[in-house]
1. Among the residues of segment 287-303, which ones are in a helix (DSSP H, G or I), free of Cβ contacts under 8 Å to residues at least 40 places away in the same chain and open to solvent by 10 Å² or more (accessible area, probe 1.4 Å)?
2. Among the residues of segment 140-161, what is the count of those that are within 11 Å of the ligand (Cβ to nearest atom) and among the hydroxyl-bearing types (Ser, Thr, Tyr)?
3. Go through segment 330-357 and report how many residues are within 24 Å of the chain's Cα centre (by Cα) and among the polar types (S, T, N, Q).
4. Within the group ASP46, ASP59, which residue is more than 30 Å from GLN219 (Cα to Cα), more than 16 Å from the ligand (Cβ to nearest atom), in contact (Cβ under 8 Å) with a residue 24 or more places away in the chain and open to solvent by 50 Å² or more (accessible area, probe 1.4 Å)?
5. Out of SER114, SER53, which single residue is closer than 30 Å to VAL298 by Cα, outside any loop (DSSP other than H, G, I, E, B), hydroxyl-bearing (Ser, Thr, Tyr) and outside the structural domain of MET315 (by TED's automatic domain parsing)?
6. Hey, can you tell me all the residues within segment 215-231 that are part of a loop (DSSP other than H, G, I, E, B) and closer than 22 Å to LEU262 by Cα?
7. Quick one: which of THR300, THR316 is more than 16 Å from the chain's Cα centre (by Cα) and either among the β-branched types (Val, Ile, Thr) or more than 27 Å from ALA266 (Cα to Cα) (or both)?
8. Within segment 307-322, can one find any residue that is over 26 Å from SER247 (Cα atoms), open to solvent by 20 Å² or more (accessible area, probe 1.4 Å) and of a type in the set (A, V, I, L, M, F, W, C)?
Amino acid sequence: MPTISDGLWAAPGRVNLIGEHTDYNEGYVLPFALPLRTYASASIVDSPQWMVSSEQQDDVVSFGPEQLTPGGVQGWAGYVAGIVWALHESGYEVPGARFALRSEVPVGSGLSSSAALECAVLTALCDLGDLDLPVPDRPKLAQRAENRYVGVPSGIMDQSASTLCREGHALFLDCRTLVTEHIPFDLAGAGLAILVVDTRAPHRHTDGEYAVRRHTCEQAAATLGVPALRDVTDLAGALKALPDEVSRKRVRHIVTENQRVLDTVALLRDGKLAEIGPLLTASHASMRDDYEITVPEVDTAVEAALAAGAYGARMTGGGFGGCVLALIDAPAAGAVGDAVTRAFADNGFTAPASFVAVPSGGATRVS
Ligand code: GLA
């Protein structure tokens, strides 16, 4: 692990309160950043070379300009190379650097460990190289690294959350205009908490299924003659116009989910935090029945949390495993967590892990 360091930067993972798979349909999302962060200790080297080590990995990866072509570096370090590539592509003079990484964000749990890594490295390189890349423009660049260099067709939500979130707030993002609003989300003040349950369900076909969902949505928008499903205003009419049941279900999820985000934001603006519960639960049902991205472990976690008194609960993130969030009375965290653990044992599932998620700030220099 290199000890030389010009500074330490960090970027968080996220949970999405509501608005799932709406980002690549140019709709609305409402994530908040977690206190769990990926740390990048970084120092400049005086040649165009990048060296990356990580406490979570055994290998040290080095790359130079010849690897700055999509797919040039594979595996976990590809996210770092992707950021260097995307900056370079946008005309920035990227300083050579040595990175030592450490992450608190669990990998493969749907908490955006990849966005945390990308955004920590991007923030470090912008500072180290004194690059003139305004903070609001950084998510788009990090997304391009993931889409084009790593080859994952994700939307703009995760990098936006990791970069832009504010402590005590959820980030209301219009994924078409990229206009943001920080919505106060003072859970503690309302005596509430968000319990995140990592179901530890193995991801099944995640990447392929994500791409298929995205493709179906784009096809449906083309059939309906709109630029994106965000533009569907007459759901009943759209459902009549679509030729197949799968497209109808996907479109119904996206259109109703966008409305649920808007309804959630309206309630939060009025300080009615507990009242968003039914919207969270309706979002879950829509992901389960219409978008078909849940698995038995997440459905069980949602049902157990609701039975234990949660105001609402839903899977969060891309799906096919990962985490569930439940809105609960703060003192009930232990009891709700235990109820989910018991339900998992009854079903023969691997024991889940739970933690209370406090809305936190985005990427920053630490020292
Ligand atoms: C993943 C993607 C995001 C978003 C969510 C689903 O986290 O990276 O862009 O599409 O899935 O809401």
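The values are calculated or read from the model by the stated rules, or taken from the named source; none is laboratory data. Computed from a predicted model, the values in this text were never measured in an experiment. Please note: Cβ atoms are built from the backbone with ideal geometry, for glycine as well, and neighbour counts cover all protein chains shown. For the accessible areas, the whole protein counts, side chains as well, though only heavy atoms, and no ligand, DNA or RNA atoms are used. Shrake-Rupley method; radii C 1.70, N 1.55, O 1.52, S 1.80 Å.
1. Scanning segment 287-303 gives ARG288, ASP299.
2. 2
3. Within segment 330-357, residues that are within 24 Å of the chain's Cα centre (by Cα) and among the polar types (S, T, N, Q) number 2.
4. The unique qualifying residue is ASP46.
5. Values: SER53 fails: closer than 30 Å to VAL298 by Cα.
Just one listed residue meets the conditions, SER114.
6. In the first step, residues of segment 215-231 are kept if they are part of a loop (DSSP other than H, G, I, E, B); the result is 225-228.
Of everything in segment 215-231, those that are part of a loop (DSSP other than H, G, I, E, B) and closer than 22 Å to LEU262 by Cα turn out to be VAL226, PRO227, ALA228.
7. Working: THR316 fails: more than 16 Å from the chain's Cα centre (by Cα).
Just a single option satisfies the conditions, and that option is THR300.
8. Pass one, segment 307-322, residues over 26 Å from SER247 (Cα atoms): 307-312.
Going one step further and asking which of them are open to solvent by 20 Å² or more (accessible area, probe 1.4 Å), we end up with 307-309, 311.
If we keep only those that are of a type in the set (A, V, I, L, M, F, W, C) as well, we get 307-308.
So far as segment 307-322 goes, yes, one or more of its residues are over 26 Å from SER247 (Cα atoms), open to solvent by 20 Å² or more (accessible area, probe 1.4 Å) and of a type in the set (A, V, I, L, M, F, W, C).
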